[in-house]
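Here is the structure we will look at.
Computed from the coordinates by the stated procedures, all read-outs in this text should not be read as laboratory data. Since the structure is predicted, the reported quantities are computational estimates derived from the model, not experimental observations. Cβ coordinates were reconstructed from backbone atoms using ideal geometry, including for glycine residues, and neighbour counts include every protein chain displayed.
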Amino acid sequence: MGNPWIDLPSLGDDRGQLCVTEVDAHAPFDIKRVYWLYETEPNVTRGLHAHKELQQLAIAVSGSCKMLLDDGESRTPYVLDSPHRALYIGPGMWREMSDFSADCVLMVIASEVYDETDYIRDYDEFKKSAIPAR
Ligand code: TYD
């Protein structure tokens, strides 16, 4: 698994902070959808799926959470706790999000609109699938 982190420019000044993600400059795909997870209950694990084609960037714009990425061969835990750092999640990557802080807002920027047929929600099916992690 390569380095999935993308540093985003923090354009802060003495008034406060501003961070941006823009196609070509930071997001390695055309952005078609943005969604965010918030008020996640304690001790909840979310995600538990992979995608066949979808590419995503995950950014903890507030608070923190953990993201476990599994490319079918190894499982790597990451901590998302910075609004100016994005975690790239390519196709063929099983993900599990946990340990959400009460104030966590996890923003996800995606390359496609929502499509349930792009999901693999069964771990055994994911392990058997031949989707190469990117
Ligand atoms: P789900 O995939 O279960 O969330 P998580 O991966 O965080 O556990 O999504 C929750 C619900 O929201 C589910 O009914 C699908 C729906 N949904 C959309 O309609 N559009 C979207 O863009 C997303 C991400 C989910």
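Some points to look at:
- Leading residue at positive end of dipole, the stretch 5-128 (Cβ point charges), from Leu37, Ile89, Val79: Val79
- Loop-located trypsin sites (Lys or Arg not before Pro) in the stretch 22-93, at most 12 other Cβ atoms within 10 Å (DSSP): Lys32
- Kirkwood Rh, angstrom, the stretch 5-128 [1 / mean 1/r, Cα pairs]: 15.1
- Peptide packing: for 122-133, 104-115, 10-21, the average count of neighbouring Cβ atoms within 10 Å per residue gives the ranking 104-115, 122-133, 10-21, highest mean first.
- Across Lys52/Lys128; Lys66/Lys127; Lys32/Lys52, pairs whose alpha-carbon gap is larger than 19 Å: Lys66/Lys127
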